[in-house]
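Here's the structure, in structure tokens; my notes come after.
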Amino acid sequence: MIELHNHILRYVVPIHRTKPDADVALRMARIAAADGIRIITSTPHFRPPLLGDRVSEVVELMRVGVERLNEMLREEQVPVEVVGGAEIQLCEELPELAAEGLLPTLGEGRHVMVELPVASYAAYAENVLFELQIKGYAPLIAHVERLASAPVQEIEPEELVARGIKLQVNCESLCGKRGREVAHLAQDVIRRGLASGLGSDAHDPESSPPRISVCRGAVERAGGRGSFERLTWDEPLAIIGRA
Ligand SMILES: [Fe+2]
């Protein structure tokens, strides 16, 4: 399986307030391997307004972190590969960063994972997404189902997909960990064939481990036979630029 949303990198390089700890990163990778995950897409939070003039420094840190993590995994013989990426906060600076080559893409492809705001309605969302597309990037919305409770009802999953934007769904949402409303939207997006991939959104080995096989039943109930394979291999493979 390929998973599209994972915060393992915070334990490898100092990109967040979390203290790097190689043992935790290895534990997470081993949990993923045991679950049948072969490729982890590394998507640490990337919030340009908070980073200020440290954007390029952090982009480089993320690149080095993925390299270091892969070396570690090879040394420890953990059968998982990590590809780069980021969970990019939607903000008005994104088209400019894209033009400067400072927008981390998922794997070797042109997709960028964008996190839409849930606390307030961003009037510039549509424009920013469109400008990224014009610049040759393909936005993938992170855990779209979490918008279920957001004041952004204007953003319809179907409309996003019609505009060439892809949608990622979190496993924990499908399993009901974020409440009934979020679970319903997650299932609905899959039922209507609008999702392009799944993620664990793992933050640590204990409370949010990197497992996605646990939601196979929920995915297949919503999307039918073959939907789980499509969402955990075929589509993500294209998203990370390997198909
Ligand atoms: Fe995340």
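The values are calculated or read from the model by the stated rules, or taken from the named source; none is laboratory data. Everything quoted here is computed from the prediction, not taken from an experiment. Methodologically, a virtual Cβ is constructed for each residue, glycine included, from the backbone with ideal geometry; neighbour enumeration extends over all protein chains shown. Quick note on the areas: whole protein, heavy atoms, side chains included, nothing else; ligands and nucleic acids left out. Shrake-Rupley method; radii C 1.70, N 1.55, O 1.52, S 1.80 Å.
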Of the DSSP beta bridges with both residues in the chain, give the percent that are antiparallel, rounding to the nearest 5.
5
At 1.4 Å probe size, with every protein chain present, just tell me what the per residue accessible area of the chain comes to in Å².
44
Translational D in µm²/s for the range 43-130 (Stokes-Einstein at 25 °C, 0.890 mPa s, Kirkwood Rh from C-alpha pairs)
173
For the range 94-243, which whole percent of the accessible surface, found with a 1.4 angstrom probe, sits on carbon and sulfur atoms?
49
Is the C-alpha gyration tensor of the chain telling us rounded, prolate or oblate? Criteria: a/c under 1.5 is rounded; beyond that, a/b larger than b/c is prolate, otherwise oblate.
oblate
Give the cysteines in the chain for which no other Cys Cβ lies under 4.7 Å away, or write none if there are none.
Cys91, Cys175
If N is the residue count of the range 94-226, its Cα Rg over 2.2 N^0.38 Å rounds to 1.07
Given only helices, namely DSSP H runs of n ≥ 4 each adding -39500 (n - 2.57), what is the per-residue ellipticity at 222 nm of the chain, to the nearest 500 deg cm²/dmol?
-10500 deg cm²/dmol
Using a 1.4 angstrom probe on the protein heavy atoms only, line up His7, His111 by accessible area, largest first.
His111, His7
Tell me, which longest segment in the chain has none of the chymotrypsin sites (Phe, Trp or Tyr not before Pro) that fall in DSSP loops with at most 15 further Cβ atoms within 10 Å?
1-120
Take the alpha-carbon positions of the range 106-148, form their convex hull, and give its projected area averaged over all directions (one quarter of the hull surface) in nm².
3.2
Mind checking which aspartates and glutamates have their C-alpha under 20 Å from Lys19, skipping anything on the same chain fewer than 8 residues away?
Glu57, Glu60, Glu67, Glu71, Glu87, Asp201, Asp204, Glu206
Show which aspartates and glutamates lie in cross-link reach of Lys135 when reach means a straight Cα distance below 13 angstrom and same-chain residues fewer than eight apart are skipped.
Glu96, Glu100
Show me the helices of the chain, taken as full DSSP H stretches, that run 27 Å or more along their long axis by Cα and average 0.0 or above in Kyte-Doolittle hydropathy.
55-75
